[in-house]
Amino acid sequence: MPLITYSSAYTLVPTYECFNRCTYCNFRAEPGQSPWLSLGQAAQKLQDLHQQGVIEVLVLSGEVAPHSPRRRDWFQTIYEICNLALEVGLLPHTNAGPLSWEEMSQLKTVNVSMGLMVEQITPKLLQTVHRHAPSKRPDLRLQQLAWAGELGIPFTTGLLLGLGETETDWVESLQAIASLHDRYGHIQEVILQPHSPGRRQAVTGTTLEASALASAVTLAKQHLPPTISLQIPPNLVDQAGLLACLEAGARDVGGISPVDEVNPDYDHPQPTQLQKAIAVAGWHLVPRLPIYPQYDAWLTPPLRNLVGHWREKLAEGGRQKIQNLSTP
């Protein structure tokens with residue numbers, strides 16, 4: 001039976017404040033208008049998550065400006081949250097916008113993988129939706145992917161579709177990702193995320209059609225190496241659209257968390273709901289870790305040991321499921 005993967009995840013947000021002002025954003029708060037998550041709050045939440053069976057902690061943060069006097073404290077908060085997650089046995093994955101080489105080097109020691117959306121590399125969006133978003137410059141984001149490769153960080157990136165770009169722009173963005181992966185071999189998944197308007201964004205915009213998303217999957221299959229998994233957010237498409245994307249070549253539905261912090265108007269389906277939705281086409285949903293197996297050897301020994309523990313637990317769960325199915 002063909003397999004579709006997902007990650008049992010929870011998103012922790014150190015702060016919603018962000019110095020970017022993307023017109024489509026439903027996440028950000030003005031600088032100084034979002035209390036930072038305290039380490040005490042994070043520690044308690046992480047303990048609860050461990051008891052609930054969560055595996056991945058996605059540390060997703062708004063961005064403090066690179067030269068802000070608060071940047072060091074912001075970064076240290078993110079680092080400590082990742083360290084706390086490891087202490088309770090969970091696997092951190094950080095996405096906090098473009099980071100310096102030094103910041104990435106430090107976070108590598110407390111993350112099993114990291115991520116940053118390319119979104120689109122066409123510069124024309126800097127005149128429209130990214131006009132007031134300094135960190136959305138394509139060169140900054142591609143530099144981040146290159147540094148991740150140089151540092152040996154298993155990485156997730158992706159495209160945001162429906163911002164006013166063209167299919168030619170999609171292809172150029174996919175080719176840029178493929179070129180960096182050819183050099184370093186570090187891109188484990190590419191997310192194809194359709195723009196889905198929410199109540200908080202500055203400019204309404206339109207929803208990307210499901211047929212266009214399936215076309216994007218087809219293009220990604222053509223322009224990305226086959227080792228890169230293609231991910232579709234299951235809360236941003238209906239069942240027919242999801243099945244069309246799977247048929248086109250998507251094989252992952254990402255981290256399933258109680259709340260999609262980036263798209264809070266669109267609830268994540270639970271794994272049981274997803275399994276029912278894809279079973280009609282013969283697909284089977286299985287859990288995965290936030291690091292793909294081919295990258296385990298890139299980790300430090302402590303991180304590699306923790307990942308090995310979770311791989312064994314998932315294997316035991318799979319064996320038990322098969323046993324239950326075969327028992328009369």
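Of the residues making up the range 142-190, those that are β-branched (Val, Ile, Thr) and surrounded by 21 or more Cβ atoms within 10 Å (Cβ to Cβ) are 153, 156, 157, 177, 187, 190. Please find, within the range 66-77, the residue that is nearest to residue 41 (Cα to Cα) out of those that are surrounded by 15 or more Cβ atoms within 10 Å (Cβ to Cβ) and of a type outside the set (D, E, K, R). Across the range 66-77, the extreme among qualifying residues is 77. Within the range 220-234, the set of residues being in a helix (DSSP H, G or I) and buried (at least 20 other Cβ atoms within 10 Å of the Cβ) comprises 220, 234.
Checking the condition closer than 22 Å to residue 9 by Cα and surrounded by fewer than 22 Cβ atoms within 10 Å (Cβ to Cβ), which residue from 80, 63 passes?
Values: 63 fails: surrounded by fewer than 22 Cβ atoms within 10 Å (Cβ to Cβ).
Result of the check over 80, 63: 80.
Looking at this structure, is residue 140 in contact with a strand residue (DSSP E or B) (Cβ under 9 Å, 6 or more places away or on another chain) and either not aromatic (Phe, Trp, Tyr) or not in a strand (DSSP E or B) (or both)? Show your work before the answer.
On the way: in contact with a strand residue (DSSP E or B) (Cβ under 9 Å, 6 or more places away or on another chain): no; either not aromatic (Phe, Trp, Tyr) or not in a strand (DSSP E or B) (or both): yes.
So residue 140 does not fit the description; no.
Looking at 11, 23, can you tell me which residue is buried (at least 16 other Cβ atoms within 10 Å of the Cβ) and part of a strand (DSSP E or B)? Reasoning before the result, please.
Numbers: 23 fails: part of a strand (DSSP E or B).
One residue alone meets the criteria, 11.
A single entry from 3, 37, 58, 46 fulfils the requirement of being modelled with pLDDT of 95 or more, within 17 Å of residue 287 (Cα to Cα) and over 18 Å from the mean Cα position of the chain (by Cα): 3.
Checking the condition in contact with a helix residue (DSSP H, G or I) (Cβ under 6 Å, 6 or more places away or on another chain) and farther than 22 Å from residue 96 by Cβ, which residue from 218, 207 passes?
Values: 207 fails: in contact with a helix residue (DSSP H, G or I) (Cβ under 6 Å, 6 or more places away or on another chain).
Just a single option satisfies the conditions, and that option is 218.
Does residue 106 satisfy the condition of being assigned to a helix (DSSP H, G or I), in contact with a Phe, Trp or Tyr (Cβ under 7 Å, 6 or more places away or on another chain) and under 20 Å from residue 63 (Cα atoms)? Yes.
Of all residues in the range 43-84, those being within 30 Å of residue 317 (Cβ to Cβ), of a type outside the set (Val, Ile, Thr) and touching a Pro at 6+ places or on another chain (Cβ under 6 Å) number 2. All of (1) in contact with a Gly (Cβ under 6 Å, 6 or more places away or on another chain); (2) under 21 Å from residue 255 (Cα atoms) hold for residue 189 with one exception: (1).
On inspection, residue 253 passes the criterion of being within 18 Å of residue 10 (Cα to Cα), of a type in the set (A, V, I, L, M) and either loosely packed, with under 12 Cβ neighbours inside 10 Å or in contact (Cβ under 8 Å) with a residue 60 or more places away in the chain (or both). Applying the set (1) closer than 24 Å to residue 154 by Cβ; (2) surrounded by fewer than 21 Cβ atoms within 10 Å (Cβ to Cβ); (3) in contact (Cβ under 8 Å) with a residue 60 or more places away in the chain to residue 289 leaves exactly one unmet item: (2).
Is it true that some residue in the range 121-136 is within 16 Å of the chain's Cα centre (by Cα) and buried (at least 24 other Cβ atoms within 10 Å of the Cβ)?
If we filter the range 121-136 for residues that are within 16 Å of the chain's Cα centre (by Cα), which is where we start, we get none.
The answer is no; no qualifying residue exists.
When you check residue 217 against the structure, is it in contact with a Gly (Cβ under 7 Å, 6 or more places away or on another chain) and part of a helix (DSSP H, G or I), yes or no?
Numbers: in contact with a Gly (Cβ under 7 Å, 6 or more places away or on another chain): yes; part of a helix (DSSP H, G or I): yes.
Judged against the criteria, residue 217 is a match.
The values are calculated or read from the model by the stated rules, or taken from the named source; none is laboratory data. In this text the structure is predicted, and so the values were computed from the model without any measurement. All Cβ positions, glycine included, derive from the backbone under ideal geometry; neighbour counts span all protein chains shown.
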